[in-house]
């Protein structure tokens, strides 16, 4: 299976230096676990970040040099000989960071897409089985028709970084024809200022019921009734049996 | 003596007094309408809006049958964008999903089937939104909501602002460039809201009138999604667990503690002292130098609540404490505090759970 990992021009959120975003490292790990040849694809001039991505296991990174809409450039490049699998991180790090590119690409290519992928399974009859990660550690099995686009979950297992692989990776610059320009994003841009989150919406309850020196049986009864009222015991009945 | 009749202030006051109620209440404007209203419990005032100037859509996930905190904040964001003239239509994904949406600020409610797969969702949403032609669509930046928002924006070609951190009717603000820059711009067509960024609606209750969901033919699916498999409490990462049960220095009977956590389906945590003593693994430590919890409920046995420990409970909604010290800090934080020895309460609770099967 031929896999392609989309690489953004990522920067480190703290230092601002080029770095591979966490989600793209997870995407490289997923692509390697699927087996076969894995290449990287980046739109724009190559930077240190693309070489670093090689350190996580990519053999070759193609940098597509050409002006205009990245989605159009990628769609033209990917449709020439289409790969089986295109992987991306949850969102880029350093640009618009909206996480829209895989979705726009899937819409343009007419391919199916799944987000939050934790693991890749086997291929059967042109269907790829994947595991999706949900909040609270829940998992969901899904099947998707190949060729497809998968967005990696940020918590998907990441491959180790090997410095020697980063030195030996082949970074190739490919000149492509210009695509139509993207519309200018309006608005005022300025340095980020952290704003406090709303408080009080979850805040400490405080001043609750206090039960002083009850009998143990009475304490247990009150405790259980309180936990039931909070709805903490409803779904855990099944879990307690097979645990 | 003038011929003017004398006033009787006491009689005037008695005439103005409304009967019933503990505190005296005066109605100087007269009695009309007061007695009839007092006769029964007054129904809450409901704002009905027939023909708003424009619509704003909110897509609300209701995992528990009614909008949770995040869902109410999404409705609040839609209400901010709608202002006084606009109406809010809520697309609710759930089965018995009509409750609490009107209080949240929705004028119309469309219930969507939760079984719709991610691939078909944008088509269904566009069909449901078509009669309203909404000016904005607001969603929560949850894994599912963020996915739907991006699919919807990609399918319809609408502009999107994902993860806005501040919102008013004129501008929305979101971080860009790896959270090192921020951009303020007019609110886009599609917006996603992270948790605790926009306040929920606090005004008068809205009508929340139900509308008929669209009938969209299901096309050949290229994505098949299976059932959700919930995680086992024992294997869940502490930072993600919804129900954490923790042991402090007051717990000596760890067999009962482990048995109880299995029965209750809770993830185990511990205070620093217990981890230092080697009685629980270091990964179970809750607090400033351990894990900060995101749980819904925290059940603390024998924990006094040092400030460094309470820092780990920052986002926990419900705290339940069993402790021998009435003046411990955790008793002040707890919704239910039982002043008793954990060694006695844990076996009693186990017995009660075993009795009930």
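The values are calculated or read from the model by the stated rules, or taken from the named source; none is laboratory data. Every value quoted in this text rests on a predicted model; they were computed, and no experiment measured them. When we count neighbours, we look across all protein chains shown, and the Cβ atoms used for this are built from the backbone with ideal geometry, even at glycine.
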Mind checking which residues of segment B:334-357 are touching a helix residue (DSSP H, G or I) at 6+ places or on another chain (Cβ under 7 Å) and touching a residue at least 40 places away in the same chain (Cβ under 8 Å)? B:345, B:346, B:347, B:349, B:350, B:353
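Would a scan of segment B:34-57 turn up a residue that is in contact with a helix residue (DSSP H, G or I) (Cβ under 7 Å, 6 or more places away or on another chain), surrounded by 19 or more Cβ atoms within 10 Å (Cβ to Cβ) and either modelled with pLDDT of 90 or more or outside any helix (DSSP H, G or I) (or both)?
yes
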How about segment A:83-96: which of its residues are within 7 Å of chain B (Cβ to nearest Cβ) and buried (at least 21 other Cβ atoms within 10 Å of the Cβ)? A:93, A:94
Given (1) touching a helix residue (DSSP H, G or I) at 6+ places or on another chain (Cβ under 8 Å); (2) over 30 Å from residue B:113 (Cβ atoms); (3) not in a strand (DSSP E or B), number of the condition residue B:231 does not satisfy: (2)
Of all residues in segment B:294-313, which are surrounded by fewer than 24 Cβ atoms within 10 Å (Cβ to Cβ) and more than 10 Å from chain A (Cβ to nearest Cβ)? B:304, B:305, B:306, B:307, B:308, B:311
Between residues in segment A:8-29 that are facing chain B (nearest Cβ under 10 Å) and residues that are outside any loop (DSSP other than H, G, I, E, B), which pairs lie under 6 Å by C-beta distance while being six or more apart or on different chains? A:10/A:49; A:11/A:18; A:19/A:49
Among residues belonging to segment B:237-261 that are surrounded by fewer than 17 Cβ atoms within 10 Å (Cβ to Cβ) and under 30 Å from the mean Cα position of the chain (by Cα), point out the one that is nearest to residue B:281 (Cα to Cα). B:237
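Is it the case that residue B:146 is outside any helix (DSSP H, G or I) and closer than 13 Å to residue A:99 by Cα? Full working, then the answer.
Working: outside any helix (DSSP H, G or I): no; closer than 13 Å to residue A:99 by Cα: yes.
No; evaluated as a whole, the condition is false for this residue.
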Segment B:219-236 - residue that is touching a strand residue (DSSP E or B) at 6+ places or on another chain (Cβ under 8 Å) and under 14 Å from residue B:283 (Cβ atoms) and, of those, farthest from the other protein chains (Cβ to nearest Cβ): B:234
Look through segment B:314-345, keep the residues that are in contact with a strand residue (DSSP E or B) (Cβ under 8 Å, 6 or more places away or on another chain), in a loop (DSSP other than H, G, I, E, B) and within 7 Å of chain A (Cβ to nearest Cβ), and return whichever of them is farthest from residue B:303 (Cα to Cα). B:317
Note down all Cβ pairs under 7 Å where the first residue falls in segment B:313-333 and is farther than 20 Å from residue A:232 by Cα, the second is at pLDDT below 90 and assigned to a loop (DSSP other than H, G, I, E, B), and they're at least six residues apart or on different chains. B:332/A:206
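Do we have residue A:78 as at pLDDT 95 or above, surrounded by 19 or more Cβ atoms within 10 Å (Cβ to Cβ) and at negative phi here? Lay out the reasoning, then the answer.
Working: at pLDDT 95 or above: no; surrounded by 19 or more Cβ atoms within 10 Å (Cβ to Cβ): yes; at negative phi: yes.
No, not satisfied.
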From the list B:125, B:139, exactly one residue is at pLDDT below 95, in contact with a helix residue (DSSP H, G or I) (Cβ under 8 Å, 6 or more places away or on another chain) and not in a loop (DSSP other than H, G, I, E, B). Which is it? B:125
Please go through segment B:170-192 and give me each residue that is part of a loop (DSSP other than H, G, I, E, B) and touching a helix residue (DSSP H, G or I) at 6+ places or on another chain (Cβ under 7 Å), ordered by number. B:187
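Just to confirm my filter: which helices (runs of 4 or more DSSP H) fall fully inside segment A:1-92 and include at least 2 residues that are more than 24 Å from residue A:129 (Cβ to Cβ)? Steps first, answer last, please.
Numbers: elements: A:22-34, A:48-55, A:70-79.
The qualifying helices (runs of 4 or more DSSP H) are A:48-55, A:70-79.
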So residue A:63 fits all but one of (1) within 26 Å of residue B:176 (Cβ to Cβ); (2) within 19 Å of the chain's Cα centre (by Cα); what number is the exception? (2)
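Going by the conditions given, is residue A:103 in contact with a helix residue (DSSP H, G or I) (Cβ under 6 Å, 6 or more places away or on another chain), facing chain B (nearest Cβ under 7 Å) and free of Cβ contacts under 8 Å to residues at least 12 places away in the same chain? I'd like the intermediate steps shown before the answer.
Values: in contact with a helix residue (DSSP H, G or I) (Cβ under 6 Å, 6 or more places away or on another chain): yes; facing chain B (nearest Cβ under 7 Å): yes; free of Cβ contacts under 8 Å to residues at least 12 places away in the same chain: yes.
Answer is yes for this residue.
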